[in-house]
1. Show which lysines lie in cross-link reach of residue 404 when reach means a straight Cα distance below 19 angstrom and same-chain residues fewer than eight apart are skipped.
2. With only Lys, Arg, Asp and Glu charged, each at its Cβ (+1 for the first two, -1 for the last two), find how big the charge dipole of the stretch 381-503 is about the Cα centre; round to the nearest 20 debye.
3. Hey, if you put +1 on the Cβ of every Lys and Arg and -1 on every Asp and Glu Cβ in the chain, which of 361, 481, 316 ends up farthest toward the positive end of that dipole?
4. For the chain, build the charge dipole from Cβ charges (+1 Lys, Arg; -1 Asp, Glu) around the Cα centre, then report which of 147, 40, 442 sits farthest towards its positive end.
5. Where does the chain land on the Kirkwood hydrodynamic radius, alpha-carbon pairs, in angstrom?
6. List every residue whose amide H lies under 5 Å from the amide H of residue 313, counting only residues 5 or more places away in sequence or on a different chain, with H placed 1.01 Å from N in the peptide plane.
7. With a probe of 1.4 Å, find how much accessible area the chain has per residue, and write the answer as a whole number in Å².
8. Using Stokes-Einstein with the Kirkwood hydrodynamic radius over Cα pairs, what translational diffusion coefficient do you get for the stretch 350-448 at 37 °C and a viscosity of 0.692 mPa s, in µm²/s rounded to a whole number?
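The values are calculated or read from the model by the stated rules, or taken from the named source; none is laboratory data. The structure presented is a predicted model; accordingly, all values stated were derived computationally and were not measured. Ideal geometry is used to build each Cβ from the backbone, glycine not excepted, and the neighbour counts take in all protein chains shown. Surface areas here come from the heavy atoms of the whole protein model, side chains and all, with no ligands, DNA or RNA. Shrake-Rupley method; radii C 1.70, N 1.55, O 1.52, S 1.80 Å.
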Amino acid sequence: MQPIQFRRPVGRPKGRAVDPEALARVRALLGDAPRRRDLLIEHLHRIQDHDGHLSAAMLAALAAELKMAQAEVYEVATFYHHFDVVREGGQAPAACTVRVCDSLSCVLSGAEALVARLQALCGSDVRVQRVPCVGRCADAPVAVVGQRPVTHADADEVLAVVARGDYAAPVPPAPDDAAARAAGAYAQLRALVEGRIDAAHVLAELDAAGLRGLGGAGFPTGRKWRIVAQQPGPRLMVVNADEGEPGTFKDRHYLERDPHRFLEGMLIGAHVTGCDACYLYLRDEYAGLRVLLERALAALRADPPCALPELHLRRGAGAYVCGEESALIESLEGGRGTPRLRPPYVAERGLFGRPTLVNNVETLYWVPEILARGGAWYAAHGRRGRTGLRSFSVSGRVRAPGVKLAPAGITLRELVDEFCGGMADGHALKAFLPGGASGGILPAALADVPLDFDTLQAHGALIGSAAVIVLSQHDSVRDAAINLMDFFRHESCGQCTPCRVGTAKAADLLRAPRWDAPLLGELARAMTDASICGLGQAAPNPVTTVLRYFPDEVV
């Protein structure tokens with residue numbers, strides 16, 4: 001009888017053999033960091049920061065070190081846009097990468113011409129990439145050389161940065177920690193911990209203020225905190241600092257200016273809801289801000305105002321879908337950022353299966369101020385019967401773009417005229433996006449509608465994260481819708497068919513000389529009704545609003 005021939009020797013593990021040299025390098029790079037699965041993305045960043053890419057050998061070695069399947073490590077590494085995975089025999093990327101934002105605000109300011117010129121001028125040692133929004137829309141167009149943003153960029157300036165080899169992200173000025181304490185930082189937290197106010201008082205003030213989640217969903221903050229506090233412990237807190245909605249940059253604005261105020265709000269939320277640990281998930285595009293937060297956290301640990309929960313700063317890897325809370329939690333656990341089916345909701349079973357409080361940065365930023373001044377103070381701001389304040393990230397055809405703190409219920413026309421210096425010279429208002437890519441495109445005729453929660457739905461739009469992009473008579477709403485749908489196609493996680501196929505099909509249909517309105521309407525309904533998360537559900541909004549308000553331009 002012929003002996004049975006095996007394709008691999010019996011007893012040898014399946015898959016790629018681990019290179020001892022690569023394994024030694026992985027161990028050296030990881031140092032004494034814990035070898036846990038939830039730290040997979042952090043470890044991938046360590047390797048790529050050092051090597052400039054992720055080779056097949058290093059991925060196999062990392063899998064062995066973490067005792068994970070190589071396929072699991074590979075699928076995570078290839079899911080996120082910021083990881084450069086080089087397959088066996090592949091060529092490592094150029095030593096320098098220039099990323100040019102091609103989201104709508106930057107395109108309005110000349111990003112397409114900038115990409116074309118850089119591609120023509122850069123040699124083989126520089127890679128030029130188109131990337132989605134990098135969170136600096138007020139300074140469009142923006143290029144990022146390595147990790148260094150170049151704002152109001154032109155090709156000559158970008159090439160000068162490349163020539164200098166100055167690729168590190170500038171770190172915002174560090175806050176004066178002693179001055180911050182003297183000015184009242186952590187005073188409300190200490191009052192809570194020392195019993196001068198209690199959790200019931202905090203929740204009552206949040207209710208009186210009418211504070212709602214300012215990351216997009218608008219869920220009442222006090223109610224969310226109560227729901228989590230009522231769940232059986234142990235509980236965890238997650239802060240969503242992964243603002244990836246095109247046109248949004250308000251969280252970066254607040255974190256750069258007063259990180260301790262935000263940290264105090266986070267710790268108050270953790271104390272009120274009984275959370276044992278806080279996980280801050282920061283988008284990878286904010287490299288300089290990450291250093292600032294590391295320093296602020298170090299100062300907080302060195303001189304804590306009270307007993308602190310575990311504090312973890314985690315780094316995203318370039319995936320817009322991780323702005324969705326359950327996708328973010330999947331990423332924190334070391335997996336691909338794919339949204340979960342609900343129920344159960346994350347307040348019941350979130351990070352590591354525990355009840356989890358999820359808030360965005362700006363929501364927490366307001367908590368200490370509300371407690372210091374009273375909920376009635378916050379609620380007193382507003383117009384047309386609305387209450388509170390809104391932070392608008394404004395970009396596009398206005399004289400003075402930026403983060404604008406304005407009364408809730410303000411209209412687009414008032415926002416532009418009173419806070420942005422009016423329209424840019426030579427531009428007249430034609431259309432605007434009230435809530436970034438997901439919010440739809442509204443005509444100038446609706447510029448007197450209040451920009452607030454629950455006011456725009458009747459017009460087919462959403463306030464979302466209050467990312468306002470202003471268009472003029474020189475801009476095409478058709479081209480804007482194509483740009484936004486291309487973004488959604490690029491950012492779809494691919495988990496559900498309505499979003500994965502729907503965004504791709506819609507992007508193709510929008511390039512037809514005349515839009516097929518019935519077919520696009522049917523596709524939009526399918527995506528809205530059947531997509532798992534808000535990405536696919538909101539992706540049709542730019543298309544449906546253009547069909548509704550600008551039919552002469554597309555059909």
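1. Partners found: 250.
2. Charge dipole of the stretch 381-503: 120 debye, to the nearest 20.
3. Of the options given, the answer is 316.
4. Working it through, the farthest residue towards the positive pole turns out to be 40.
5. Evaluated over the chain, this radius sits at 24.8 Å.
6. The list, which skips near neighbours in sequence, is 280.
7. Working: 22800 Å² over 555 residues.
Computed with neighbouring chains in place, this is 41 Å² per residue.
8. Result for D is 211 µm²/s.
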